[in-house]
Amino acid sequence: MALHDEPILRGQPITTRESDRARSTTRQLLELLRGTALHRPSSAADRRDEPLEQVLAAIYATETASVEPLADTLPAGRETIETLESAGQLETDHGEVYVPLRGAGSARNWPPLLRVLVDRLGEFVGEVQTVVEKLRADGADGDTLELSLARSLLRRLELLRTVLRSQLGQLQVVNYTVFVDSQIDQFLVDAVPAAFGVDTPVEEPL
């Protein structure tokens with residue numbers, strides 16, 4: 001974003017500095033994700049994905065994780081945060097919001113988080129493509145350091161987005177399987193006995 005306001009990008013120290021900083025940040029994010037095991041998510045019926053996505057989007061938009069500023073930007077306000085907290089998908093501590101990604105039951109947060117990351121990375125890819133085009137308009141060619149760094153950043157962002165989209169797709173398949181399994185279990189418990197006149201045995205107290 002800092003580079004969009006620059007009238008000329010070629011030969012400017014800010015171009016090299018910001019491009020390299022963005023490449024480093026992307027590498028750090030990739031390393032964090034590489035060291036994380038995505039577990040089997042819980043049933044969608046037990047999750048509140050849409051409100052969590054609203055909170056994550058608000059954190060990006062406001063650049064803060066403080067409860068009060070976030071609550072002011074959410075459609076349902078503080079109630080959204082309280083609902084997610086009671087569902088175990090969000091934690092608050094000293095006025096700050098935390099979205100757990102590890103530990104018991106925390107796998108439920110990965111699908112909405114990955115959707116937000118994929119959307120944001122799509123925006124970043126478009127912004128970096130604009131920087132690349134602007135460098136070319138400034139006369140930069142393949143041997144120019146600034147253009148090489150911008151192209152490298154673009155490749156990293158595109159690759160990371162592809163990987164995350166693939167991971168999200170796998171989680172959605174697993175999530176659908178969990179849902180179907182729960183529906184089959186419910187069918188066996190409720191519908192089958194009723195259809196065939198089978199009474200569920202009741203244990204008599206001793």
Let me check something: with ligands and nucleic acids excluded, how do 8, 14 order by accessible area (1.4 Å probe), largest to smallest? 8, 14
For the pair residue 50/residue 163, report the inter-label distance in nm, with labels modelled 7 Å from Cα in the Cβ direction. 3.2
At a Förster radius of 45 Å, what calculated FRET efficiency corresponds to the Cβ-Cβ distance of residue 143 and residue 60, to the nearest 0.05? 0.80
I'd like the accessible area for residue 21: 1.4 Å probe, protein heavy atoms, all chains in place, Å² to the nearest 10. 140
With every protein chain left in place, what is the accessible area of residue 99 in Å² (1.4 Å probe, nearest 10)? 40
Would you tally the net charge around residue 50, using a Cβ to Cβ cut-off of less than 15 Å, leaving residue 50 out, and scoring K and R as +1, D and E as -1? -1
If we count every other residue with Cβ under 12 angstrom of residue 23's Cβ, Lys/Arg +1 and Asp/Glu -1, where does the sum land? +4
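The values are calculated or read from the model by the stated rules, or taken from the named source; none is laboratory data. Since this is a predicted model, take the numbers as computed values, not measurements. Here the Cβ is made from the backbone with ideal geometry for all residues, glycine too, and neighbour counts use every protein chain on show. All accessible areas refer to the heavy atoms of the entire protein, side chains included, with ligands and DNA or RNA removed. Shrake-Rupley method; radii C 1.70, N 1.55, O 1.52, S 1.80 Å.
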